[in-house]
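Engineer: Provided herewith is a single structure, encoded as structure tokens, for subsequent inquiry.
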Amino acid sequence: MYYSLLSSSICIPLAVSLQPKTTWTSTKFNNEKKVGSCTGVPRNFNMEKLQSGYLFPEIGMRESEHTQKYPHARLIRLGIGDTTEPIPDIITSAMAEHVYALSTVKGYRGYGAEQGNMELRMAIAETFYRDLGVKGNEVFVSDGAQCDISRLQLLLGSNVSMAVQDPSFPAYIDCGVIVGRAGNYQEKTGTYDNIVYMKCGPENNFFPDLSTTSRTDIIFFCSPNNPTGYAASRQQLQQLVDFAKANGSMIIYDSAYAAYVTDDSPRSIFEIPGAKEVAIEISSFSKFAGFTGVRLGWTVVPEELLYSNGFPVMKDYNRIVCTCFNGASSVAQAGGLACLSKEGYRALTTVVDYYMGNAEILVDAFSSLGLKAYGGKNAPYVWVHFPGKSSWDVFNEILEKTHIVTIPGIGFGPGGEGYVRVSGFGHRERILEASMRLKNLYK
């Protein structure tokens with residue numbers, strides 16, 4: 001069978017039809033110059049359901065276009081939540097020592113355990129889950145929380161239903177779409193048919209009304225939340241665990257920002273009685289240790305967590321890890337161990353406090369302008385409300401007039417419309433400069 005590339009940029013069998021049966025979901029793709037020739041392999045149907053590009057690369061593209069338009073502007077990046085402060089010497093020295101050891105016969109190591117270095121797994125359990133009953137063998141070390149989100153979606157398959165906070169980190173939804181769980185996208189509402197969106201806004205104290213929430217198999221829940229910066233209270237998380245137990249649901253709990261909690265809000269779902277029977281927790285070294293480029297995270301899968309047929313979830317997750325992953329870098333894991341040493345953890349706490357100081361400056365700046373700014377207390381993100389305005393319009397206005405990159409709230413779900421997320425990750429002088437520019441814009 002022969003194929004031809006038509007002006008519509010769609011390959012079709014010449015012997016079958018001259019009318020393309022597929023329409024592209026991305027206008028941008030149609031406008032790109034095509035190279036190469038088409039195979040006879042159809043595109044994954046689920047990939048076609050993804051809406052445009054993934055949020056953060058889209059922001060990066062717009063940032064690049066702005067830089068080309070204003071080559072001499074001093075751009076301030078408060079959008080993508082990337083850390084900016086140097087990793088403490090005690091941690092990088094441990095990684096360097098490990099690297100140098102690899103060049104010796106005595107120090108060389110090849111493949112490690114797919115689940116991670118047991119010393120590190122034990123250290124994670126002891127540091128973050130002391131007195132919570134989490135054991136080292138329940139901790140799976142990885143190359144980051146976002147990768148684990150994808151592995152968990154693969155683990156649970158396409159035949160389960162899911163709920164997400166609205167707004168929430170977009171990877172939960174996009175991964176659900178890719179594995180075939182989301183259903184069709186509704187342009188009018190900005191939602192997928194088979195995903196339950198749990199509204200979390202100031203009107204309900206950023207916690208869903210579980211009395212009206214439909215039962216789903218999986219509940220993705222992030223606390224402190226990205227993007228709103230809100231940390232759920234102990235009482236709220238107890239409600240969530242009780243809700244999951246009553247409905248036979250499983251919670252995927254994202255605690256990537258737990259180190260930023262400054263009040264008595266729980267840092268782990270396992271602080272809640274009964275959570276080990278209904279929850280998996282994913283977390284990361286990225287934001288509290290500056291490992292966004294080093295790449296290191298972990299997932300806790302309790303032994304008590306069982307499928308409906310009584311089979312342990314941990315055994316299946318172990319199989320996923322062993323099949324789809326060769327283990328985190330030994331260099332990164334050496335750094336992880338140094339992070340959890342007494343001196344390393346103390347040094348990292350200083351950096352976390354620095355970012356929270358940045359967030360406080362931003363909250364004060366927006367509040368002085370009469371704008372409602374949420375977050376900045378238990379997470380380095382500030383969630384700013386612009387009533388009656390489109391998120392993308394606000395994003396564009398701030399970028400065009402102040403050369404500051406933010407994130408439009410609509411990118412985190414329909415519940416984010418009218419908001420922008422502003423990151424406290426940045427050098428202090430840049431945060432102060434951004435505050436001054438924003439005050440001049442909205443005074």
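Engineer: Restricting to region 327-361, and then to whatever is touching a Gly at 6+ places or on another chain (Cβ under 7 Å) and not in a helix (DSSP H, G or I), can you tell me which residue is surrounded by the fewest Cβ atoms within 10 Å (Cβ to Cβ)?
Structural biologist: Only one residue fits best here, namely G327.
Engineer: Name every residue in region 82-105 that is outside any helix (DSSP H, G or I), over 15 Å from S330 (Cβ atoms) and either open to solvent by 70 Å² or more (accessible area, probe 1.4 Å) or not aliphatic (A, V, I, L, M) (or both), in order of residue number.
Structural biologist: Step one: of region 82-105, the residues outside any helix (DSSP H, G or I) are 82-88, 102-105.
Narrowing the set further to residues that are over 15 Å from S330 (Cβ atoms) leaves 82-88, 105.
Once the filter is applied, which keeps residues that are outside any helix (DSSP H, G or I), over 15 Å from S330 (Cβ atoms) and either open to solvent by 70 Å² or more (accessible area, probe 1.4 Å) or not aliphatic (A, V, I, L, M) (or both), region 82-105 yields D82, T83, T84, E85, P86, P88, V105.
Engineer: Could you tell me whether region 261-276 includes any residue that is open to solvent by 30 Å² or more (accessible area, probe 1.4 Å), among the basic types (K, R) and in the same structural domain as A123 (by TED's automatic domain parsing)? Outline the logic, then answer.
Structural biologist: Residues of region 261-276 open to solvent by 30 Å² or more (accessible area, probe 1.4 Å): 262-264, 267, 271, 273.
The next check asks that each one be among the basic types (K, R); those that pass are 267.
Still in the list and also in the same structural domain as A123 (by TED's automatic domain parsing): 267.
Scanning region 261-276 turns up at least one residue that is open to solvent by 30 Å² or more (accessible area, probe 1.4 Å), among the basic types (K, R) and in the same structural domain as A123 (by TED's automatic domain parsing).
Engineer: Name the residue, out of G290, G297, that is out of contact with any Leu (no Cβ under 6 Å at 6 or more places or on another chain), of a type in the set (G, A, S) and over 12 Å from A256 (Cβ atoms).
Structural biologist: Values: G297 fails: over 12 Å from A256 (Cβ atoms).
After ruling out the rest, the residue left standing is G290.
Here is a yes/no grid of residues against (1) closer than 30 Å to S233 by Cα; (2) open to solvent by 40 Å² or more (accessible area, probe 1.4 Å); (3) of a type in the set (V, I, T):
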position	(1), (2), (3)
G375	yes, no, no
P380	yes, no, no
W383	yes, no, no
K389	no, yes, no
V394	no, no, yes
I404	no, no, yes
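Engineer: Separate question: Tell me, yes or no, whether region 116-124 has at least one residue that is touching a Lys or Arg at 6+ places or on another chain (Cβ under 7 Å), farther than 30 Å from P387 by Cβ and open to solvent by less than 40 Å² (accessible area, probe 1.4 Å).
Structural biologist: no
Engineer: Same structure, new question: Of the conditions (1) surrounded by 17 or more Cβ atoms within 10 Å (Cβ to Cβ); (2) farther than 30 Å from S52 by Cβ, D364 fails just one. Which one is it?
Structural biologist: Checking D364 against (1) surrounded by 17 or more Cβ atoms within 10 Å (Cβ to Cβ); (2) farther than 30 Å from S52 by Cβ, the one that fails is (1).
Engineer: When the residues of region 185-214 are filtered to those that are assigned to a helix (DSSP H, G or I) and farther than 22 Å from V160 by Cα, which remaining residue is most open to solvent (accessible area, probe 1.4 Å)? Outline the logic, then answer.
Structural biologist: Our first condition is that a residue be assigned to a helix (DSSP H, G or I); within region 185-214, this holds for 202-204, 210-212.
Next cut, farther than 22 Å from V160 by Cα only: 202-204.
On the way: P202: 49, E203: 122, N204: 43 Å².
Within region 185-214, the match that is most open to solvent (accessible area, probe 1.4 Å) is E203.
The values are calculated or read from the model by the stated rules, or taken from the named source; none is laboratory data. For clarity, every value in this text was computed on a predicted model and none was experimentally measured. Ideal geometry is used to build each Cβ from the backbone, glycine not excepted, and the neighbour counts take in all protein chains shown. Just so you know, the surface numbers come from the protein's heavy atoms only, side chains and all, with ligands and any DNA or RNA stripped out. Shrake-Rupley method; radii C 1.70, N 1.55, O 1.52, S 1.80 Å.
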